[in-house]
Amino acid sequence: MDDKQLRKSVEQQIKRMQRAEKERPTLLAQSIFMGTLSLLFVLPVIIGAYLGNWLDDKAESYSILWTIGLIVVGLIIGMVNVYLYVREHH
């Protein structure tokens, strides 16, 4: 490898490293991403728990079937939300 080829190779690597540094996500961007993921997962679970509790209160006998069932549905919806969001943004 002669001097010109070596210089060109090093310059290409430097440009690639600079481009990678510019495209690296910041701490704020990572925090926003993680916050969004947590909301996408937690909100369906909370909504399911409240809705299930409300339905169980409307039932004549003591029951937690709606609460547990809708929490499970919320977990499934939350996992699907996170999967779709990560697949779309990465």
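The values are calculated or read from the model by the stated rules, or taken from the named source; none is laboratory data. Because the structure is predicted, anything quoted here is derived from the model rather than measured. Every residue, glycine as well, gets a Cβ built from its backbone with ideal geometry; the counts of neighbours run over all protein chains shown. Just the protein is used for accessible areas: all its heavy atoms, side chains included, with ligands, DNA and RNA removed. Shrake-Rupley method; radii C 1.70, N 1.55, O 1.52, S 1.80 Å.
Tyr62 falls short on exactly one of the conditions (1) hydroxyl-bearing (Ser, Thr, Tyr); (2) out of contact with any Gly (no Cβ under 7 Å at 6 or more places or on another chain); (3) assigned to a helix (DSSP H, G or I), and that condition is (3).
Okay, residues lined up against (1) in a helix (DSSP H, G or I); (2) open to solvent by less than 80 Å² (accessible area, probe 1.4 Å); (3) under 30 Å from Ser63 (Cα atoms):
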position	(1), (2), (3)
Lys4	yes, no, no
Val10	yes, yes, no
Arg19	yes, no, no
Lys22	yes, no, no
Leu28	yes, no, no
Pro44	yes, yes, yes
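Among residues of the stretch 24-49 that are under 10 Å from Leu75 (Cα atoms), those with a beta-carbon under 8 Å from a residue that is open to solvent by 100 Å² or more (accessible area, probe 1.4 Å) and assigned to a helix (DSSP H, G or I) at least six positions away or on a different chain give the pairs Phe41/Met79. Considering every residue within the stretch 63-72, establish whether at least one is touching a helix residue (DSSP H, G or I) at 6+ places or on another chain (Cβ under 9 Å), among the aromatic types (Phe, Trp, Tyr), surrounded by 10 or more Cβ atoms within 10 Å (Cβ to Cβ) and at pLDDT 95 or above. Among the residues of the stretch 63-72, not one is touching a helix residue (DSSP H, G or I) at 6+ places or on another chain (Cβ under 9 Å), among the aromatic types (Phe, Trp, Tyr), surrounded by 10 or more Cβ atoms within 10 Å (Cβ to Cβ) and at pLDDT 95 or above, which makes the answer no.
Reported count of residues in the stretch 4-26, each being aliphatic (A, V, I, L, M) and within 23 Å of His90 (Cα to Cα), is 2.
Return yes or no: is Lys58 modelled with pLDDT of 85 or more, surrounded by fewer than 10 Cβ atoms within 10 Å (Cβ to Cβ) and of a type in the set (D, E, K, R)? So Lys58 passes the test.
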